[in-house]
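Report on the following structure.
The values are calculated or read from the model by the stated rules, or taken from the named source; none is laboratory data. Predicted model, so just to flag it, every value in this text is computed and none were measured. Positions of Cβ are backbone-derived with ideal geometry, glycine not excepted, and every protein chain shown enters the neighbour counts. Remember, those area values only see protein heavy atoms, side chains included, never the ligands or the DNA or RNA. Shrake-Rupley method; radii C 1.70, N 1.55, O 1.52, S 1.80 Å.
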Amino acid sequence: MTHQLRVDARENRDRVLAAARELFAKSGLEVTMRQIARRADVGPATLYRRFPTKQDLVLEAFEDELAECSSIVYDGAADPDPWRGFCDVIERTLLLNARNQGFTDAFMSAHPDVVDFEAHREELGRVVSTIIRRAQAAGRLRPDFVFDDFVVILLAGRGLTAAPAPTRDAAVRRFAAFMIDGLRVADREPRTQAGSAAGEGSSGPRRHPRS
């Protein structure tokens, strides 16, 4: 019974934080606690028991946002396939930013000194740079790509925050696919039409590496 209560409390917390991040991203920090409780489908008493003040909720929601960002980057670094790890970081970071960039902007504007955001970005920047070098060493990522190019991709993707919610994720994934396709090292031995036909007749068509 005690274990189930802990599980229920954790699930309630996760729902509240997810609802808060979504509403803060959409409507800013002026969203009320009652609106958040309604979106999370929890009672006001449950909400205030976990987050006594709105400030407590705002801060924990932002820390949850940073934790998800860190998880994306470290998952990419831990992937045994350097190219797949690189591609996952590109796509998942773009998706996260498109969904919640409004919350990050609002939080940093209202509370610029509460969280050491620069230290967070520098730490993840070092990890992303390692991911880039691994993908290049594996011969999959173009050798002239640098960390600043990664930042440019993220900045370009910010425009997708304005896309309608029902189609936004699909638009982000399409954008990510175009970016990744332009960064992939091309096949080293391009085939002629004759060579392609011969190859397909003997051993089947060659496929491009998956992203």
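Tell me the label-point distance for the pair residue 60, residue 45, using the 7 Å Cα-to-Cβ offset, in nm and rounded to one decimal.
Spacing of the two 7 Å Cα→Cβ label points: 1.8 nm.
Calculate, for the stretch 44-133, the solvent-accessible area per residue in square angstrom, rolling a 1.4 angstrom probe over the heavy atoms of the protein chains.
Values: 4270 Å² over 90 residues.
Averaged over the residues of the stretch 44-133, the accessible area is 47 Å².
Tell me, what % of the accessible area of the chain is carbon and sulfur with a 1.4 angstrom probe?
Details: 6610 of 12590 Å².
Carbon and sulfur atoms account for 52 percent of the accessible area of the chain.
Where is the GNM fluctuation largest for the chain (alpha-carbon springs, 10 angstrom cutoff): 93, 32, 130?
For the chain, modelled as a Gaussian network with Cα springs under 10 Å, the answer is 32.
Between 28, 159, 102, which gets the highest mean-square fluctuation from a Gaussian network model of the chain, Cα cutoff 10 Å?
The residue with the greatest mean-square fluctuation here is 159.
What is the sum of charges, Lys and Arg at +1 and Asp and Glu at -1, for the other residues whose Cβ falls under 14 Å from the Cβ of residue 173? Intermediate results must be reported in sequence, preceding the final value.
Values: positive: 92, 99, 168, 174; negative: 88, 91, 169, 181.
Summing Lys and Arg as +1 and Asp and Glu as -1 gives 0.
Of the listed values (1) 42, 36, 32; (2) 72, 38, 35; (3) 48, 39, 27, grab the one calculated as Cα extents along the principal axes in Å from the structure here.
Checking each listed value against the structure points to (2).
At R0 = 35 Å, how high is the FRET efficiency between residue 178 and residue 113 if r is their beta carbon distance? Nearest 0.05 is fine. Before the final figure, lay out the partial values.
Working: r = 38 Å, r/R0 = 1.08.
Once the sixth-power term is evaluated, E becomes 0.40.
What does the charge count around residue 151 come to, taking other residues whose C-beta lies under 12 Å from its C-beta (Lys +1, Arg +1, Asp -1, Glu -1)? All intermediate terms of the calculation are to be shown ahead of the outcome.
Working: positive: 121, 158; negative: 148, 149.
Summing Lys/Arg as +1 and Asp/Glu as -1 gives 0.
What are the ³J(HN,Hα) values, in whole Hz, obtained from phi via the Karplus relation 6.51 cos²θ - 1.76 cosθ + 1.60 with θ = phi - 60°, for each residue of the stretch 143-150 in sequence order, with x given for Gly and Pro?
After applying 6.51 cos²θ - 1.76 cosθ + 1.60, I find x, 8, 6, 10, 4, 4, 5, 4 Hz.
Per-residue accessible area for residue 71 at 1.4 Å probe radius, Å² rounded to 10?
50
Using only Cα atoms, tell me the angle between helix 2-27 and the longest principal axis of the chain; keep it within 0 to 90° and round to the nearest 10.
80
What's the extension gain from residue 7 to residue 149 if we count 0.36 nm per residue and subtract their Cα-Cα distance? The partial results should precede the final answer.
Values: separation 142, 0.36 × 142 = 51.12 nm, distance 4.19 nm.
46.9 nm is the gain from fully extending residue 7 to residue 149.
Where does each of 83-91, 13-21 land if you order them by average Cβ count within 10 Å, highest first? Numbers along the way, then the final one.
Working: 83-91: 22.2, 13-21: 19.9.
Sorting 83-91, 13-21 by mean packing, highest first, produces 83-91, 13-21.
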